[in-house]
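Working notes, beginning with the structure itself.
The values are calculated or read from the model by the stated rules, or taken from the named source; none is laboratory data. In this text, all values refer to a predicted model and were calculated from it rather than measured experimentally. No Cβ is skipped: glycine too gets one built from the backbone with ideal geometry, and neighbour counts run over all protein chains shown.
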Amino acid sequence: MNTPDAQRPIPVASSSTASRRSDLPGRITLILVALLVGFGVLELGLRAWSGYLLTWPNFVLEARTVLAGRDAGRYLQDARLGHLPRPGYAAPGITINAQGLRSTGASVAPVGAPILAVGDSFTFGDEVSDGETWPAALQRLVDRPVFNAGVSGYGFDQIVLRAEALAAEVKPAAIVVAFIADDIRRTEMRRLWSADKPYFDLEGDNLALRGVPVPPRADPQSTLTFWQRTLGYSLLVDFVLRRLDLLHNWFGDHVRVHPAGTGERIACALTGRLAQLQKTTGAPVLVVAEYDPVVWDDPSFAAEQRRLTGGLLACARRNGLATLDSYRAMAAMPAPRSLYVLWHMNEAGNAMIARAIKEALATVVKP
């Protein structure tokens, strides 16, 4: 017996509906062509306005090639640390001595052992001259030489390895280990800004050093993705990413080996290595948190940076290390943002950091 549903006629698509469906590929093609034409008009207009109409470089490749050329003169390849300042290198305002350390100016008459300063570009003193870095300012405040062993671009893992490598040679009275929050993230990488680096794996409560010997820097041509090989020629893409402040990963060549957040555990474990270094050398270790300028521009960013640095400083204290959080001293200044050049501390900012470090060292270093 037929049911009412069985007797109901099956609807047939109208001719207009079928026509619309058959036109769908054409409509999509038309939209894509319109987008490409619009993109092309904007690209040509921007190039005519910017003076790039007759020049079509790959902006990503160009940036990486310039960086590789600069770093080839400034750094030496190192199988354990990735790269080190080149002994004897000199540029306006920058002098690297025969030991591969940045000059801190005229050395004071030595009274006891020196202070060893390790860290990233904030310790090295990017954007300021030799005498304007915080290690140079610290040297003028204390009765000891200060060795500036900071290296731009280092992660917290490389900073610790640098301290270990130099401590036996320098025999310091104290070791100052400075970092910014981004150095914690850098421990999650095996390549930063096209330069390969060592990294650590967590094996239970232990750390295993990986990536050594560190390979030489790769040819910039070999580091581009498909999109960088194609869209890298677009001035419009470059313009948009620049305005959105997204060029860091577009121009930079970074290779991650650990999930985001793993660096917090790695950095915490690395303070255990610093504690061992303190024990074997007898030199007290002071761990110092510094801050990049965005902390003073963006409250939410500042909160995350302070969480990261606070966690690492807490790990250092649990391992018996002295710590210094420079945030409080900077926040007490009338205009903390004025203590920077563009990204790094200016002479006044570095002088303030040096004063804070001197006070902190006074409690742990024997006269």
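Table for the structure above
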| item | result |
| --- | --- |
| Qualifying positions in the stretch 278-302 - touching a strand residue (DSSP E or B) at 6+ places or on another chain (Cβ under 6 Å) and either hydroxyl-bearing (Ser, Thr, Tyr) or part of a loop (DSSP other than H, G, I, E, B) (or both) | Ala283, Pro284, Glu290 |
| Inter-residue pairs, beta-carbon under 6 Å, first touching a residue at least 40 places away in the same chain (Cβ under 8 Å) and not assigned by TED's automatic domain parsing to the domain that holds Tyr291 and in the stretch 119-142, second of a type in the set (A, V, I, L, M, F, W, C) and crowded, with 20+ Cβ neighbours inside 10 Å, 6+ apart | none |
| Selection status of Ala173, closer than 15 Å to Val285 by Cβ and among the small types (Gly, Ala, Ser) | yes |
| Strands (runs of 3 or more DSSP E) fully within the stretch 152-205 counting 1 or more residues that are among the aliphatic types (A, V, I, L, M), crowded, with 22+ Cβ neighbours inside 10 Å and in contact with a strand residue (DSSP E or B) (Cβ under 7 Å, 6 or more places away or on another chain) | 174-179 |
| Selected residue (criterion: nearest to Ile266 (Cα to Cα)) from residues of the stretch 129-151 that are in contact with a strand residue (DSSP E or B) (Cβ under 6 Å, 6 or more places away or on another chain) and in a helix (DSSP H, G or I) | Pro135 |
| Some residue of the stretch 221-243 being under 21 Å from the mean Cα position of the chain (by Cα), assigned to a strand (DSSP E or B) and in contact (Cβ under 8 Å) with a residue 24 or more places away in the chain | no |
| Among residues of the stretch 206-247, those that are at positive phi and surrounded by fewer than 18 Cβ atoms within 10 Å (Cβ to Cβ), counted | 1 |
